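Notes follow the structure.
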Amino acid sequence: MAISISEKDVSTAWVAALDALVTGGGDAVNLTVAIADPTAEHEGVRRVLDRFINERRRAKGEVERVSTVANTLFPSSWYLPERLGPDAAEHLYELERVARPVSRRRNPRGTYSERMVAWPAPAKEFNQLDQVVRRLRSARERGHRRGHEYEVGLVTPADEVAVPVLVAGKDRYTRGFPCLSHLSFSLLHGAVSLLAVYRSHDFISRAYGNYLGLGRVLQFVAHESGFPAGELACMSASATAEINRGGSFGHERVEALLDDCQSALRVSP
């Protein structure tokens, strides 16, 4: 059964979605989570989740902290608009190029941020985020406040404002990278919003960090194009609370995590 969540910030949305997953038995299809401000969070919830993840890392070592997951989508320490002004975007792109050999040693298939700024086109790498920014900036200069006509669907990156992540003929894995399939940016009422589509989503190991990283991507595109940032919506074709599958956390531990996160929300300002 499909689940739809709409909340004001990352923490509240993630906790509500996890609650819905656990209540429904741990797994769902077509989970949609909408977040009004995807750069806002309750630090207490993140601390609870990171503590839970650290315990798992000590036991098995395969689960990453929230900040690490978020940085695979957008390494925020590389983007410095307050200090670098109009050169901030190129600084971000250059640092990604420099760091790519290191990240490739860790993951030979690359990162999501690489797919966004260095799409493996037949002739040469293609910077999809730069194209999104340029087209939205052009729309702003022409006085446009809506931009649904830019959305064409799953075609080549050079033809649209949407950002595909999966590479045909290359990404044949049924699990693992890339679980994120597609990003679509829309302009409405003078604000840029983002829809992200995942083919599968491990909710404890990945979703919280994914939401933060996607929020940073949206904030980057909005800032560089001159529009305010709107809503982030993330649709997961298949989502799991990691209760029952191989390498899972178990029902009792997941319920305890959910209780602790709900408590953290109640005491957060």
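Among the listed residues ALA233, ALA237, which satisfies the condition of being modelled with pLDDT of 95 or more, surrounded by fewer than 22 Cβ atoms within 10 Å (Cβ to Cβ) and closer than 24 Å to LEU49 by Cβ?
Of ALA233, ALA237, the one residue that is modelled with pLDDT of 95 or more, surrounded by fewer than 22 Cβ atoms within 10 Å (Cβ to Cβ) and closer than 24 Å to LEU49 by Cβ is ALA233.
How many residues, within the stretch 48-64, are outside any loop (DSSP other than H, G, I, E, B), of a type in the set (Val, Ile, Thr) and either at pLDDT below 85 or under 19 Å from the mean Cα position of the chain (by Cα) (or both)?
1
Yes/no per residue for (1) in contact with a Phe, Trp or Tyr (Cβ under 7 Å, 6 or more places away or on another chain); (2) modelled with pLDDT under 85; (3) surrounded by 13 or more Cβ atoms within 10 Å (Cβ to Cβ):
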| site | (1), (2), (3) |
| --- | --- |
| ARG146 | no, yes, yes |
| VAL152 | no, yes, no |
| LEU166 | no, yes, yes |
| GLY169 | no, yes, no |
| SER186 | no, no, yes |
| HIS189 | no, no, no |
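Quick one: count up the residues across the stretch 8-28 that are closer than 16 Å to MET235 by Cα and either small (Gly, Ala, Ser) or at pLDDT below 95 (or both).
Here the count works out to 6.
If VAL132 satisfies all but one of (1) within 23 Å of GLY190 (Cβ to Cβ); (2) at pLDDT below 85; (3) touching a strand residue (DSSP E or B) at 6+ places or on another chain (Cβ under 6 Å), what's the number of the condition it fails?
Against the list (1) within 23 Å of GLY190 (Cβ to Cβ); (2) at pLDDT below 85; (3) touching a strand residue (DSSP E or B) at 6+ places or on another chain (Cβ under 6 Å), VAL132 comes up short only on (2).
Which of the following residues is β-branched (Val, Ile, Thr) and either part of a loop (DSSP other than H, G, I, E, B) or surrounded by fewer than 16 Cβ atoms within 10 Å (Cβ to Cβ) (or both): VAL98, VAL22, VAL33, VAL69? Lay out the reasoning, then the answer.
Values: VAL22 fails: either part of a loop (DSSP other than H, G, I, E, B) or surrounded by fewer than 16 Cβ atoms within 10 Å (Cβ to Cβ) (or both); VAL33 fails: either part of a loop (DSSP other than H, G, I, E, B) or surrounded by fewer than 16 Cβ atoms within 10 Å (Cβ to Cβ) (or both); VAL69 fails: either part of a loop (DSSP other than H, G, I, E, B) or surrounded by fewer than 16 Cβ atoms within 10 Å (Cβ to Cβ) (or both).
Answer to the check: VAL98.
Quick test for you: out of LEU212, LEU218, pick the one residue that is among the hydrophobic types (A, V, I, L, M, F, W, C) and in contact with a strand residue (DSSP E or B) (Cβ under 8 Å, 6 or more places away or on another chain).
Answer to the selection: LEU218.
Report yes if LEU214 is under 11 Å from the mean Cα position of the chain (by Cα) and in a helix (DSSP H, G or I), otherwise no.
Yes, satisfied.
Can you find a residue in the stretch 197-206 that is surrounded by 24 or more Cβ atoms within 10 Å (Cβ to Cβ) and small (Gly, Ala, Ser)?
no
Every residue in the stretch 1-29 that is charged (D, E, K, R) and either touching a strand residue (DSSP E or B) at 6+ places or on another chain (Cβ under 7 Å) or under 17 Å from LEU218 (Cβ atoms) (or both), please.
GLU7, LYS8, ASP9, ASP27
Hey, can you tell me all the residues within the stretch 201-255 that are touching a Ser or Thr at 6+ places or on another chain (Cβ under 8 Å) and on the phi > 0 side of the Ramachandran plot?
Scanning the stretch 201-255 gives a single hit, GLU242.
Can you find, within the stretch 101-131, the residue that is surrounded by the fewest Cβ atoms within 10 Å (Cβ to Cβ) among those that are within 13 Å of PHE220 (Cβ to Cβ) and among the aliphatic types (A, V, I, L, M)?
Ranking the qualifying residues of the stretch 101-131, first place goes to VAL117.
The values are calculated or read from the model by the stated rules, or taken from the named source; none is laboratory data. Just so it is clear, the model here is predicted, and its values are computed rather than measured. Virtual Cβ from ideal backbone geometry, glycine too; neighbours counted across all protein chains shown.
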